[in-house]
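Please treat every number below as a calculation from the coordinates, not as lab data. Since we're looking at a predicted model, the values are computed, not measured. Please note: Cβ atoms are built from the backbone with ideal geometry, for glycine as well, and neighbour counts cover all protein chains shown.
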Amino acid sequence: MVGKHIAVIHGPNLNMLGKREVGIYGGKTMEDINAGVAAEAEKLGVSVEFYQSNTEGELVTFIQKCRGRLDGILLNAGAYTHYSIAIRDAIGAAQVPTVEAHISNIYKRESFRHVSV
């Protein structure tokens, strides 16, 4: 992956990590997670940029702007994972390889969290 450039995109409420529902999400802040990802990316020779928004439209716009500019996206869309067709469509339109990530095990939580659109 040397020379690659990826975006790590955090969705709604992830800016509150370390402060909210620590029993589910742990004590690390979003900044802690970003620092860990940046350190691993550096070891691999990958450049990374971070983005967070609580707003669906802002996430859609950012994903669209990744087209032709980035080699990959790592996305935790938060609650939007379960119902945002707009984010799903933006991923398809951007034509950038995208990996979905979660902090908690969505399959051990409420049933509505088991579905990812």
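All other residues with a Cβ under 14 Å from the Cβ of residue 88 taken together, and with Lys, Arg as +1 and Asp, Glu as -1, what is their net charge?
Numbers: positive: none; negative: 56, 89, 100.
Counting the neighbours of residue 88, the net charge comes to -3.
Using a Förster distance of 30 Å, how high is the FRET efficiency between residue 93 and residue 42, based on the Cβ-Cβ distance and rounded to 0.05?
Values: r = 30 Å, r/R0 = 1.00.
Here the calculated transfer efficiency is 0.50.
Which value in nm describes the separation of the simple spin-label points at residue 35 and residue 117, placed 7 Å from the Cα toward the beta carbon?
In this crude label model, residue 35 to residue 117 measures out at 3.7 nm.
Take the alpha-carbon positions of segment 7-98, form their convex hull, and give its projected area averaged over all directions (one quarter of the hull surface) in nm². Mind dumping the intermediate values first?
Numbers: hull surface 23.6 nm².
Mean orientational projected area (segment 7-98, Cα hull): 5.9 nm².
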